[in-house]
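Here you go, one structure.
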Amino acid sequence: MISADSSTDKMTPDDANPTDGIDSLTNPETFTELDGVQISDEVQVVSEAEFERRDTWDGVAVIGVTDENGDLLLAKFADGHGWMLPNGPVEPGDDYVAAATHWAEVMTGVSVTVDDIDRIRRRHYQTEDGRETIGHHVIFQGSPVEGTAVAENPGLPQQDIETVGWFAHPPADADWDHENFGKDVRRFLGEAEE
């Protein structure tokens, strides 16, 4: 189980942001549009195998990490998913903030601080026979902890991460069709329409 360490996983306060002071998030449903966090609902028809996998997770923590130059940290998967923001599954009861920092470091070698919640996507995974499970993709904004560099051998062995890098613009060989990762990358780099 991933848990938050309040000394390292606190969000940076931002006077204009209604999520000030959040250092833990275990239930994305606690946020509404009134809180200033954009929440969207998306439906995706999936295979039985994918449904079973998604049904065991609470959701996915995704983090867009930008450095002082505005460059975005991305990991490139060799399995055809291409360049992605650091992300990983969140088990029921786990903390999304802690998961975001954990997966960023595992995937890239870079220690990060979660600064804010960017948006929440409520994903309705459905099978052809009508079964449905709901998962949340919580997309955070983050920054690197000073002095940490990308890993020479990033990721876990089963992740098959080819390389990691910082980008000022979306990479030309990115897979923009995989879920919303392309939209997220372009938005964090200031190149996307909302």
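Rule-based calculations on the coordinates, nothing more; no lab input. No experiment lies behind these values; they were computed from the predicted model shown. Glycine also receives a Cβ, built like all others from the backbone with ideal geometry; neighbour counts cover every protein chain displayed.
Hey, rough spin-label estimate for Asp173 and Thr133, points 7 angstrom out along Cα→Cβ, what's it come to in nanometres?
The two pseudo-label positions are separated by 3.4 nm.
Shifting gears a bit: Mind checking the full-extension length gain between Ala49 and Val145? Use 0.36 nm per residue of separation minus the Cα-Cα distance, one decimal, nm. Each step should come with its number before you reach the end.
Numbers: separation 96, 0.36 × 96 = 34.56 nm, distance 3.74 nm.
Taking 0.36 nm per residue and subtracting the Cα distance, the gain is 30.8 nm.
Would you mind calculating the gained length between His124 and Glu162 on full extension (0.36 nm times residue separation, minus the Cα-Cα distance), in nm to one decimal? Kindly include the intermediate steps, with their values, before the conclusion.
Working: separation 38, 0.36 × 38 = 13.68 nm, distance 3.03 nm.
Answer, rounded to one decimal: 10.7 nm.
Turning to a different aspect of this structure: Sort 62-69, 126-133 by the packing proxy (mean of other Cβ within 10 Å over each peptide's residues), most packed first.
Numbers: 62-69: 19.6, 126-133: 12.0.
Per-residue Cβ counts within 10 Å, averaged per peptide and sorted highest first, yield 62-69, 126-133.
Output wanted: per-residue J couplings in Hz (rounded whole) for the range 111-117, from phi through Karplus 6.51 cos²θ - 1.76 cosθ + 1.60, θ = phi - 60°, x for Gly and Pro.
Once θ is set to phi - 60°, the couplings for the range 111-117 become 6, 10, 10, 7, 9, 6, 9 Hz.
Additional query: What distance in nm lies between label points placed 7 Å from Cα along the C-beta direction at Asp67 and Asp79?
Spacing of the two 7 Å Cα→Cβ label points: 2.8 nm.
Follow-up question, since we're still on this one. How much length is gained if the chain between Thr26 and Glu191 is pulled fully straight, taking 0.36 nm per residue apart and subtracting their Cα-Cα distance, in nm to one decimal?
Stretched fully, the Thr26-Glu191 segment lengthens by 56.3 nm.
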